[in-house]
1. Residues being under 28 Å from LYS15 (Cβ atoms) and assigned to a helix (DSSP H, G or I): count how many of those fall in segment 36-76.
2. Residues being loosely packed, with under 11 Cβ neighbours inside 10 Å and of a type in the set (A, V, I, L, M, F, W, C): count how many of those fall in segment 48-60.
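A short reminder: the numbers here are calculations on the coordinates, not readings from a lab. No experiment lies behind these values; they were computed from the predicted model shown. Don't worry about glycine lacking a Cβ; one is built from the backbone with ideal geometry, like all the others, and counts go over all protein chains shown.
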Amino acid sequence: MIGIRNNKGGTMKLKMSAFDWTAWIFVVIGAINWGLTGLFSFDVVQIVFGTSPWLAKLVYALIGTSGIYWLVKLIR
């Protein structure tokens, strides 16, 4: 569960399914990758999957889709 503050100062608990956890992990991996890329020009996804460009593109697509999924989920 993830705690999210509500407008009354309390915290709501958000129950997460296996799909939610998977999407959340991709979002975290993407955030870390962007941070490392921005600070040190070190792209972890490209280094790990650089020998297989289609796999790197798939990982980037999963990260982007996961980010959109969580944005929509948190807005609702």
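1. Of the residues in that region, 16 qualify.
2. The total comes to 1.
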